[in-house]
1. Could you pull out the longest piece of chain A with no exposed loop trypsin sites (Lys or Arg not before Pro) in it, calling a site exposed if DSSP puts it outside H, G, I, E, B and it has at most 14 other Cβ atoms within 10 Å?
2. Considering chain A as a Gaussian network with a 10 Å cut-off on Cα pairs, which listed residue, A:Leu110, A:Leu15, A:Leu84, attains the greatest mean-square fluctuation?
3. Once you charge only the Cβ atoms, +1 for Lys and Arg and -1 for Asp and Glu, what is the size of the charge dipole of chain B about its Cα centre, to the nearest 20 debye?
4. Normalise the Cα radius of gyration of segment A:128-188 by 2.2 N^0.38 Å (N = residues in it) and let me know the number.
5. Magnitude of the Cβ-charge dipole of segment B:104-182, K/R +1 and D/E -1, about the Cα centre, nearest 20 debye?
6. Just the projected area, averaged over all directions, of the convex hull on the alpha carbon atoms of segment B:62-111: how many nm²?
7. So, in nm, how far is label B:Glu13 from label A:Val127 when the simple model puts each one 7 Å beyond its Cα toward the Cβ?
8. Span-like helices, chain B: DSSP H, alpha-carbon axial extent 18 Å or more, mean Kyte-Doolittle -1.0 or greater, which ones?
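Read-outs: derived from the displayed coordinates by stated rules, not from any lab. All values derive from a computational prediction rather than experimental measurement. When we count neighbours, we look across all protein chains shown, and the Cβ atoms used for this are built from the backbone with ideal geometry, even at glycine.
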Protein chains: 2
Amino acid sequence: MSTQDRLIETTRELLWERGYVGTSPKAILQRAGVGQGSMYHHFTGKGDLALAAITRTGEEMRAMIDGLLDAGGSAYERIEAYLLRERDVLRGCPVGRLTMDPDVIASDELRAPVEATIAHLKDRLAVVVQEGVDGGEFAPHLVAADVAAAIVATVQGGYVLARAAGSTDAFDMGVRGLLSLLSPSSPAASRTPSPDLPKD
Amino acid sequence: MSTQDRLIETTRELLWERGYVGTSPKAILQRAGVGQGSMYHHFTGKGDLALAAITRTGEEMRAMIDGLLDAGGSAYERIEAYLLRERDVLRGCPVGRLTMDPDVIASDELRAPVEATIAHLKDRLAVVVQEGVDGGEFAPHLVAADVAAAIVATVQGGYVLARAAGSTDAFDMGVRGLLSLLSPSSPAASRTPSPDLPKD
DNA sequence: GTCTATATAAGGATAGAC
DNA sequence: GTCTATCCTTATATAGAC
C-alpha cells in the first residue's frame, strides 16, 4: 500500500473513532507511521486528507448497500437484510457520525460525500419499499420515500441508543420494532408477495 | 444569574453546537465573558463543568418529555405529540449528539446523564405504546419496548438525515413514515381506542 | 517523496495578585 | 470570587535537508 493510501486508511479509522474535530494530523501520522512531510506532500492539509478519506468511506458504503439491496428476495427480505446486516454497532456509522461534527457540517465540501451516501441509501430503499407496496407486501397507503427515511433513521438512531447505553441491545430493539411495524398483519408468517392484479 | 450559572449555560450551548471535543475552556470563557479563574474556582476543570452542563440538559429534556407524554389523548396522539414537537432540527439533539463524542463515551461519568435521559425517554414511550396495544389502538403483536426504541431511534436518526442533507425535510419524512407505520389500517381516520373488553 | 526542525497558535491547567 | 500572568502540551502548518 502506498504512503498516500496508508494516510487515507488511517484517517478513515480515526474519523470513525473520533470524528473530524477529534482527529489531529499528528495522531494520523503517528498511527500511519509516516512523517509530517509525506502528508503535506500528498495533501494540502487536514481537510484535504479528510475529504479523501470520507469520499472513500462513502463509496465503500454505497457499494455495500447496492450489494445488499440488489440481492434477490421480497422487498421485506431485502429491507431485513439491510437492517440485520452485521455491524460494529458500538462504533457507530462511519458516515452518519460525521453529521454531528461541526466542522464537517460547516464545510460544503466535506459534507457533500456524506450527503451523497445517505441520499443514495434512502433512494435505494425507497425503490424497494415502493416495490413492496406495488406487490401487495406492504400497506397500500405507505409513502415509499417516507418509510425509506424512517428505515435509515432507525438505523442511524439505533447507533445513538446503543452508544448511550453502552450496549448493542437498544439497536436491536429498534430494528425489531421497525420490522414488526413493517409486517403488521402476520408477524411470523412467511411473506409471499401477492400476484399482480390487472390495474383496471 | 450567577457566574457559575453563566458558565453552565454557556457550556450547554457550546456542547450542543460543537460537542465535547470541539469545545475548549477558552471558548466557554470568552462567550460567557468571565476569566479563567472563575471557572477553575467553581469547577475542577473542563470535564467537571461539562458534567454539570450535560446533567442540566438531561433534566430539562426529561421534564419536557414528561410534560408531553403526561398530557391527555390516545396513545397515538401522545406519540404523535412527541414526534411532532417543535424542534431546531438542524441543531440536532443536545443529548443524543453527545453519543458521538469519543471523550463522552469514554467517560462513564459523562455518559451517565446521557444514558439516563435516553433510557427515561424510551421507558416512558414504552408505557404509552403498551397502553395503545392494550387498548386496541395498535396491533396486538407489537412489543412495546421494541416499538419505543424504534420511535426514539427515528427521531435521533432523523437529525442525522437532516444534517447530512442540510435540510429539515428528511427529518419530517422519517417521522411521517413512522407514523404511517403506526397507523396501518386507517391512515386518515380518527383513531378512537376500542373499549376495554373483559379479560376472561 | 520522505524526513526532521521549526513556528505560531490553541488547549488545558496552575499560581498568585486583588 | 474573580482576574491576569504563566506554564506545558498539543494542533496545524511551513521550511528545508536528504
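1. Numbers: sites that count: A:Arg85, A:Lys199.
Longest site-free region, per DSSP loop and neighbour criteria: A:86-198.
2. With Cα springs under 10 Å in chain A, the top fluctuation among A:Leu110, A:Leu15, A:Leu84 is at A:Leu84.
3. On the way: 20 positive and 27 negative charges, 144 e Å.
Result for chain B is approximately 680 debye, rounded to the nearest 20.
4. Ratio of Cα Rg to 2.2 N^0.38 Å: 1.25.
5. So the dipole magnitude of segment B:104-182 works out to roughly 220 debye.
6. 4.5 nm²
7. Between B:Glu13 and A:Val127, the label points sit 4.7 nm apart.
8. Helices meeting the span and hydropathy rule in chain B are B:46-70, B:108-134, B:144-165, B:169-182.
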